[in-house]
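The values are calculated or read from the model by the stated rules, or taken from the named source; none is laboratory data. Model, not experiment: these values are computed from the prediction. Note: ideal-geometry Cβ built from the backbone for every residue, glycine included; neighbour counts use all protein chains shown. What goes into the accessible areas is simple: the full protein's heavy atoms, side chains included, and nothing from ligands, DNA or RNA. Shrake-Rupley method; radii C 1.70, N 1.55, O 1.52, S 1.80 Å.
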Amino acid sequence: MKQLTLGSIAERIGARLVGDADYVVTGLAPLVSASPDHLSFLSNMKYKQQLATTRAGAVILHPDQAHLFSRHRLLLDNPYVGYAKFSQQFAYKPHFNGIDKTARIDSTAVLGLNVNLAAGTVIGPNVRLGDNVTLGPNTIVGSDSIVGGNTNIAANVTLYHNVKVGNNCIIHSSAVIGADGFGFARDGSNWVKIAQLGGVIIGDNVEIGAGTTIDCGALSSTLIGTGVKLDNQIQIGHNVELGDHTAIAGCSAIAGSTKLGKYCTVAGACGIVGHLNIADGVHITAMSRVTNSIAKAGVYSSGTALDKNKNWRRNAARFKQLDQLVKRIKQLETNIFHLGR
Amino acid sequence: MKQLTLGSIAERIGARLVGDADYVVTGLAPLVSASPDHLSFLSNMKYKQQLATTRAGAVILHPDQAHLFSRHRLLLDNPYVGYAKFSQQFAYKPHFNGIDKTARIDSTAVLGLNVNLAAGTVIGPNVRLGDNVTLGPNTIVGSDSIVGGNTNIAANVTLYHNVKVGNNCIIHSSAVIGADGFGFARDGSNWVKIAQLGGVIIGDNVEIGAGTTIDCGALSSTLIGTGVKLDNQIQIGHNVELGDHTAIAGCSAIAGSTKLGKYCTVAGACGIVGHLNIADGVHITAMSRVTNSIAKAGVYSSGTALDKNKNWRRNAARFKQLDQLVKRIKQLETNIFHLGR
Amino acid sequence: MKQLTLGSIAERIGARLVGDADYVVTGLAPLVSASPDHLSFLSNMKYKQQLATTRAGAVILHPDQAHLFSRHRLLLDNPYVGYAKFSQQFAYKPHFNGIDKTARIDSTAVLGLNVNLAAGTVIGPNVRLGDNVTLGPNTIVGSDSIVGGNTNIAANVTLYHNVKVGNNCIIHSSAVIGADGFGFARDGSNWVKIAQLGGVIIGDNVEIGAGTTIDCGALSSTLIGTGVKLDNQIQIGHNVELGDHTAIAGCSAIAGSTKLGKYCTVAGACGIVGHLNIADGVHITAMSRVTNSIAKAGVYSSGTALDKNKNWRRNAARFKQLDQLVKRIKQLETNIFHLGR
């Protein structure tokens, strides 16, 4: 069990401590379930009233709320960031130790210091793994691929050949990086495969969720910027470019050659078609479809809102008449204009 | 080849036999392709007329249809359930026998009786596997995870650490249980990772489809109720709670902290955003988006219906003018009111 | 480095060479980045003006554009097909050589000539692998499955039992073929599993993307026609039938028992519900939902177009009033009719 003093925590998360620097906490919990040996936090104001009743020994909060809690306080302008940084103290560390005897490493591969290769990992020709890289069980790194230092790849991940992963990245299970982009030329009644000759280049501090697939480029490489965060089951087509610090939620798909700017967010289950340019700072709401380039930062949406099926059926039928309805409105306007004269 | 008498089948599926208890069938087939050594069934009334021509030796049907078939009949109020129960007689049994010599089992793991571990399986520290558990080839069970008795996990599945799977569950290939939830705090231009410290708790009799991902909780655990059925490529975010016997079809996604009640059904490719409460007995139709909590049982939908692209383009353009159209209608109503006075 | 003469290339791709048959190229690049030792191509007319400035040594183009480029030309009616065929000269060849010592092959399996089985592959009972089959690391082939000649299966793929893959196929990582279809009968408050007893039959020249899942049939088999191309993360339900040469883009889902014709295209992230019949030559645009059978070739769509969130919110609210709006328009028409008399 971890024993952390409030003094050391304040220093680590950059907070101002109001209370006892030697007070010890052993864990992290929400206000509603915290006990005196827990540090808790208030970032969402809708939980403000829980400060009155929480049993937490100490709380991270904004200076403006400091008066609402009487025990130990860690004051921070962004308490949510404080919570994030503190949470990392309790992060799970994988149990792999060194190189398992069942790991299969090509003789031409170059491994850094302190590399952990779990059981069943397979490292191809000319692979380079940086220092402190960890690969979970049965993970594959294809030939000529590079994994940067401190990167942690979970179990059952596949990196194809010619994939470059940066430093301090995290890749979750069943992710596939570098499979062929979907490219075919129609030759009469047959599809002729276009060989996918590019690679994938992934920046530093990138996280890639479980089951996410990032295809290799057709001629040049697919590019994932620094600090990009990808949730589970995302599909990134060939030659997509994602700007730095862009974050995409689960099950969204981005088709080939589309470029997203920096600091974009794409909510879950969105679809963005190919060959578009999306500016920096664009935010797409959940399950929207993007079929045109977006030149200006802002929030964008498509779709219709949920309704009772009975109502929805009627309205969806009317949607198919919309253009005709507009004509009827125009006719009414003309008729009224004549009547009114 | 199995040889089953109608008497034994009637007993197993709880049907009333009208016919010869010693008649032997060796398989199961639809009415249209069945032969005299097959048992068939009628559950969908649109196939009723096939009773007149089927060559099936025996048929499971509702008593109301008994007069439509003259050979051996197994009468049951719910013939579809009878078919389901009978089909299990022919279910595929995996060919793994005991513990393969290439399985890697941590010395602290505890295995029940009659455990089958196929080639390349990896069992982490402090894992507990119940009796009659089967793990397919190259499946991973992370540290401190528990798999209940009679649970069958297919090939290439990943269970992270701190995942609890109940009894009599089925998990299909490439599923990932317990990967990190998608949690980051924005700190200026960077995303700070929120360590995901909770686990996943899965009840008994749960089935999880191929490629489905269920994230671990942030502080407390993600919860999957008893008897839940999840199809392929579903994404379940951190701290989601699924009520007992809820069923979700392929490619649907449920974002973090949303709670679904019991006996819900979610059709394929739906998206449910985070932090919602969905009541018991809610049914969501295919490809709908849910952005608000639902307090009342019923059927809900969103989206528009398919149309010829040429028509659809016109109507979709009009959708963007809807609010203005309403204003034009209001203006017309005002004008007419004045004209009519 | 490859050294290819224009003469040999012209022969291989079926082009008419205008230039030096002995001129040597070593690679393939877009017009904008090609150098004199590259062959490039023009297929999209929007890049036509790049012919004036490209440094490419030779270009594949349509005879109508031949006058726009003065160096070596390979003339072809479909330059994109020429590019595709030429690109295959540079395709990556996997580095597996023969049968790795860690491959686990059941004694009843039958292997063709020149089979490559990478580390950690597992081949079940009664499996048959054709000549020149390649399986990537940690890939599983379940019992009674068949893989045709020259088929290339990447790492971490799972083929369940009773799956038949044709000749010259490509299957990408984390794909799962033959997992149980999603079939349950409701028995009071419980779901009773319907055993999925059919297989999967995949034709020749099929490509299956990373993370794509194809379920086995319930009684008969799921059928994937010759020349079908499936992108990543597609879900194909039990007993679906895909006609020859149909192509489906990433993240689309097709529910159980639906039949698609030949030469269809389904764009990304579409959903097609179960038990439908879709004619030959149907094209579905991105993120559309199909809930009815389609009897006629053509292009079909659903959904609404992207808009600024602020505008979209207003219009989406109006969508829920559409049926009422139509009633108001009708009332206006009646009133005007009476006023006008």
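Listing for the model above:
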{"read-out": "Among A:S143, A:S257, A:S43, residue whose mean-square fluctuation peaks in a GNM of chain A (springs only between Cα atoms under 10 Å)", "value": "A:S43"}
{"read-out": "Shortest-first distances to equivalent copies, position C:N292, nm, label 7 Å out along Cβ", "value": "2.8, 2.8"}
{"read-out": "Per-residue mean of C-beta atoms belonging to partner chains within 10 Å, peptide A:103-112", "value": "1"}
{"read-out": "Sites B:Q331 and B:A21, calculated FRET efficiency, Cβ-Cβ separation with R0 56 Å, nearest 0.05", "value": "0.10"}
{"read-out": "Whether the stretch C:211-296 is rounded, prolate or oblate, judged on the alpha carbon gyration tensor where a/c under 1.5 counts as rounded", "value": "rounded"}
{"read-out": "Amide H contacts under 5 Å for B:R128, placed H, 5+ residues apart", "value": "B:V110, B:S145, B:I146, B:V147"}
{"read-out": "Which listed pairs, of A:K164/A:K262; A:K2/A:K48; C:K193/C:K262; B:K330/C:K330, have C-alpha distances above 22 Å, in listed order", "value": "A:K2/A:K48; C:K193/C:K262"}
{"read-out": "Residue (of C:N292, C:N78, C:C264) at the positive-pole extreme of chain C, dipole from beta-carbon charges", "value": "C:N292"}
{"read-out": "Shape box of the stretch A:4-90 [Cα atoms, principal axes, largest first, Å]", "value": "28, 24, 22"}
{"read-out": "For chain B, built as a Gaussian network whose Cα springs stay under 10 Å, the top-fluctuating residue of B:L242, B:L322, B:L17", "value": "B:L322"}
{"read-out": "Fraction of antiparallel bridges per DSSP, the protein assembly as shown only, in percent to nearest 5", "value": "15"}
{"read-out": "Inter-copy spacing of C:H338 label points, which lie 7 Å from Cα along Cα→Cβ, given in nm from shortest upward", "value": "2.1, 2.1"}
{"read-out": "Within-10-Å neighbourhood charge of C:S221 [Cβ basis; K, R +1; D, E -1]", "value": "0"}
{"read-out": "For chain B: accessible area per residue (Å², 1.4 Å)", "value": "38"}
{"read-out": "FRET efficiency, 1/(1 + (r/R0)^6) with R0 22 Å, evaluated for A:A52 and A:F90 via beta carbons", "value": "0.25"}
{"read-out": "Compactness of chain C as Cα Rg over 2.2 N^0.38 Å, two decimals", "value": "1.30"}
{"read-out": "Candidates B:G124, B:G303, B:G166, ranked by Gaussian network fluctuation over chain B, Cα under 10 Å, top entry", "value": "B:G303"}
{"read-out": "18 Å tail of the calculated P(r), the stretch A:266-326, as % of Cα pairs", "value": "50"}
{"read-out": "Surface/4 estimate of mean projected area, convex hull on alpha-carbon atoms of the stretch C:157-300, nm²", "value": "8.1"}
{"read-out": "Copy-to-copy label separations for B:K46, where each label sits 7 Å from Cα toward Cβ, in nm and ascending", "value": "4.2, 4.3"}
{"read-out": "Antiparallel %, DSSP beta bridges [both residues in chain B], to 5", "value": "10"}
{"read-out": "Spatial separation of Cα centroids for the stretch C:1-69 and the stretch A:25-69, in angstrom", "value": "67"}
{"read-out": "C:D77-C:Q3 pseudo-label distance in nm [points 7 Å out on the Cα-to-Cβ vector]", "value": "3.6"}
{"read-out": "The stretch A:68-211: C-alpha gyration tensor shape, a/c 1.5 cut-off, then a/b vs b/c", "value": "oblate"}
{"read-out": "Inter-label distance for B:N97 and A:N44, nm, one decimal - labels placed 7 Å from Cα along Cα-to-Cβ", "value": "5.4"}
{"read-out": "The stretch A:1-81 - share of DSSP beta bridges that are antiparallel (%, nearest 5)", "value": "35"}
{"read-out": "Average projected area [Cα convex hull, the protein assembly as shown], square nanometres", "value": "48.7"}
